[in-house]
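S.K.: First the structure, then my questions, so here it is.
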Amino acid sequence: FTGSIPSSLFTLLSLQWIWLSENQFSQLEEIVNVTSSKLDILDVRKNNLSGSIPSSLFTLPLLQEIRLSHNQFSQLDELVDVSSSILHTLDLRSNNLSGPFPTSIYQLSTLSVLQLSSNKFNGSVQLNKLFELKNFTSLELSLNNLSINVNVTIVSPSSFLSISNLRLASCNLKTFPSFLRNLSRLTYLDLSDNQIQGLVPKWIWKLQNLQTLNISHNLLTELEGPLQNLTSSLSTLDLHHNKLQGPLPVFPKYANILDYSSNKFSSFIPQDIGYYLSSTFFLSLSNNTLHGSIPSSLCNASSLRLLDISMNNISGTIPSCLMTMSGTLEILNLKTNN
């Protein structure tokens, strides 16, 4: 479908859901006289919608989800009189939205999920005010031009501790925000593409529900130990493109994706490594200064689909059993070694 999304849709008195995603609509008309609307969900992701996001959307009395991601919107109008809004999900990812962070969002008292990644917002964000929202669980601010004030004072502990998804890639962070250690329900944490230096603090491994940790593209030099008790729930650990040195860290049990590439790890690859990778399908150790031989225990990593140990100082013999893993292994990269 092309053209405008007609505003008359919003006046249909019994309509609860509008799903028009993955079309070629180019305009979302201004919405008027919608006080009787029963609309609950508006999903128009992946279209060609441009211009301003009409503030009248936020006056729809029963609207709980607004999903406008992957469009060409350039402006979010200032929200006026949203005190009665019951909106819980606002997804504006991957647009061309610019200007300061829209502070009127702080007034959406029932907001639970805020997704603003991959836009052109600038200025600073007061996490305190977002974390005061009593139902808040998910925040995505990655890939904007934002600065984040991470000095968070816990005003309402019950709401603050319910956050499960936090994505702050490319947010000009210099340190690990200390408030993270209190987020016991956190499952997804992305702090990639910042300027975080020095140690990866050991408390980050004690976040028992953490499933994905991406701290790639920073200036990290060391993993603070001890590392014997990595969280058992971690399924993705991405450390690539830092300055991490010393021996390879202990591998988390049951991890699916492990990317330690483009660092300064300089040890042997542990001979028993394969016995720790029962669930791992992606393992990259490339572009380090690892030496020694390729452990034959890697053949016990029966789920491996990609194994990359290129651009190291590995020597010796390629284990013949790697050549017989054709049932699972799809990519084997051993280039630029000895």
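The values are calculated or read from the model by the stated rules, or taken from the named source; none is laboratory data. Just so you know, these numbers come straight off a predicted model, no measurement behind them. Neighbour counts are summed over all protein chains in view; Cβ atoms, including those assigned to glycine, are modelled from backbone coordinates with ideal geometry. Only protein heavy atoms, including side chains, enter the accessible area calculation; ligands, DNA and RNA are left aside. Shrake-Rupley method; radii C 1.70, N 1.55, O 1.52, S 1.80 Å.
S.K.: Which are the unpartnered cysteines of the chain, meaning those with no other cysteine Cβ under 4.7 Å from their Cβ?
M.R.: When partners are defined as cysteine Cβ atoms under 4.7 Å apart, the chain leaves Cys171 without one.
S.K.: What full-extension length gain, to one decimal in nm, is calculated for Thr328 and Ser21 as 0.36 nm per residue of separation minus the Cα-Cα distance? All intermediate terms of the calculation are to be shown ahead of the outcome.
M.R.: On the way: separation 307, 0.36 × 307 = 110.52 nm, distance 3.54 nm.
Working it through step by step, the gained length comes to 107.0 nm.
S.K.: Further, regarding this structure: Restricting to Cα pairs below 8 Å that are 6+ residues apart, what does the relative contact order work out to for the chain? Please round to a whole percent.
M.R.: Result for the chain is 7 percent.
S.K.: Please list the non-local residues whose amide H lies under 5 Å from the amide H of Lys38, H modeled 1.01 Å from N, same-chain partners needing a gap of 5 or more.
M.R.: It is Leu15, by chain and number.
S.K.: Calculated from the structure, mean projected area of the Cα convex hull in nm² equals which of [x] 20.5; [y] 19.0; [z] 16.7?
M.R.: Working out mean projected area of the Cα convex hull in nm² from the coordinates points to [y].
S.K.: On to the next question. Send over a whole-number figure in Å² for the accessible area per residue of the chain, probe 1.4 Å.
M.R.: Per residue, the chain has an accessible area of 45 Å².
S.K.: What is the distance in Å between the Cα centroid of segment 4-76 and that of segment 243-312?
M.R.: Taking the Cα centre of each part, segment 4-76 and segment 243-312 sit 47 Å apart.
S.K.: Next question, about the same structure. What's the ranking of 122-134, 283-295 by average number of surrounding C-beta atoms within 10 Å, highest first?
M.R.: By packing density, highest mean first, the sequence is 283-295, 122-134.
S.K.: Can I ask one more? Counting each DSSP H run of 4 or more residues in the chain as -39500 (n - 2.57), what helix-only mean residue ellipticity at 222 nm follows after dividing by all residues, to the nearest 500 deg cm²/dmol?
M.R.: Helices in the chain give a 222 nm mean residue ellipticity of -500 deg cm²/dmol.
S.K.: Something else now. On the protein heavy atoms, probe 1.4 angstrom, tell me the percent of accessible surface of the chain carried by carbon and sulfur.
M.R.: 49
S.K.: Then there is this: Could you tell me whether segment 1-133 comes out rounded, prolate or oblate from its Cα gyration tensor? Rule is a ≥ b ≥ c as square roots of the eigenvalues, rounded for a/c under 1.5, then prolate if a/b exceeds b/c, otherwise oblate.
M.R.: In terms of gyration-tensor shape, oblate.
S.K.: Sticking with this one: Based on the mean of other Cβ atoms within 10 Å per residue, sort peptides 42-54, 75-87, 249-261 so the most packed one is first. Intermediate values should be presented prior to the final figure.
M.R.: Values: 42-54: 17.9, 75-87: 15.0, 249-261: 19.7.
Top to bottom by mean Cβ count within 10 Å: 249-261, 42-54, 75-87.
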